[in-house]
Amino acid sequence: MTDALTETKPLTPIRKAMPLLARNEGVWEGWYRYYDAATGKLTDQHRSRLICRLDSDVSDYYQTNYYYWEDGRSEIREFPAWYEDGRIRWDNELIKGWAAAMQPDDYNRSTCLNWTRTGEEDLYLYEMIQLSDDGVNRARTWQWFKGGKCFQRTLIDEVFITPDWRNWTDHSAPKN
């Protein structure tokens, strides 16, 4: 399948084992919107830019999330991960968890993640990521649980900007 994310790259172990993850490599921009699970009320929203890297100099997978609020606040989060047993895995000061292609998925569009917050073991989250067939749009859904009850949902809509994360230098807020 040819799409916006396809370019010739060496078939490294992680690219061979996780081709769907490899299709997500590059720079994405979008919106995070948080909703109260009980009321459905929007509780927060912000723009985002994610830089997703495979085979970086640091780790098998490395993601940097940039968040930008309308009031001028911003935040940067770093997520180095390693590949093991068909999954990428995180274990850092913020989260512990994994991501893998959903099985079965006859169309190879969906990834599932699970993670817990470091220091808050009763808080966990499942995320589903759906990638469009052309690789240009991505929709993500987070289900947040604490004490066994869903208390929050996050909906994330993103657009692919470029596969060239190595030369990305724009750190201003996205214009979306």
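The values are calculated or read from the model by the stated rules, or taken from the named source; none is laboratory data. Quick caveat, the model's predicted, so the values are computed rather than measured. Every residue, glycine among them, receives a Cβ derived from its backbone with ideal geometry; neighbour counts consider all protein chains shown.
So the values come out like this:
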{"item": "Residues located in the stretch 109-140, provided they are on the phi > 0 side of the Ramachandran plot and surrounded by fewer than 15 Cβ atoms within 10 Å (Cβ to Cβ)", "result": "GLY119"}
{"item": "Condition met for ASP122 (more than 21 Å from ALA100 (Cβ to Cβ), among the acidic types (Asp, Glu) and in a strand (DSSP E or B))", "result": "yes"}
{"item": "Every pair of residues 6+ apart whose Cβ atoms lie under 8 Å, when the first sits in the stretch 155-176 and is over 23 Å from ASP55 (Cα atoms) while the second is among the acidic types (Asp, Glu) and surrounded by 14 or more Cβ atoms within 10 Å (Cβ to Cβ)", "result": "PRO174/GLU29; ASN176/GLU29"}
{"item": "Residue that is in contact (Cβ under 8 Å) with a residue 24 or more places away in the chain, more than 20 Å from ARG33 (Cα to Cα), touching a strand residue (DSSP E or B) at 6+ places or on another chain (Cβ under 6 Å) and aromatic (Phe, Trp, Tyr), where the choices are TYR61, TYR107", "result": "TYR61"}
{"item": "GLU158 vs. criteria within 12 Å of the chain's Cα centre (by Cα), charged (D, E, K, R), within 17 Å of GLU29 (Cα to Cα) and part of a strand (DSSP E or B)", "result": "yes"}
{"item": "Failed criterion for LEU54 (all others in (1) over 12 Å from the mean Cα position of the chain (by Cα); (2) crowded, with 18+ Cβ neighbours inside 10 Å; (3) closer than 19 Å to MET128 by Cα hold)", "result": "(3)"}
{"item": "Any hit, the stretch 85-98, residues being among the small types (Gly, Ala, Ser), crowded, with 17+ Cβ neighbours inside 10 Å and touching a Cys at 6+ places or on another chain (Cβ under 9 Å)", "result": "no"}
{"item": "Residue that is of a type in the set (Lys, Arg) and either closer than 23 Å to PRO174 by Cα or in contact with a helix residue (DSSP H, G or I) (Cβ under 8 Å, 6 or more places away or on another chain) (or both), where the choices are ARG87, ARG47", "result": "ARG47"}
{"item": "Single residue of the stretch 1-37 satisfying the filter (of a type in the set (Ser, Thr, Tyr) and under 16 Å from ASN108 (Cα atoms)) that is modelled with the lowest pLDDT", "result": "THR2"}
{"item": "Considering residues of the stretch 153-173 that are in contact with a Ser or Thr (Cβ under 8 Å, 6 or more places away or on another chain) and surrounded by fewer than 18 Cβ atoms within 10 Å (Cβ to Cβ) only, the residue farthest from LYS9 (Cα to Cα)", "result": "ARG153"}
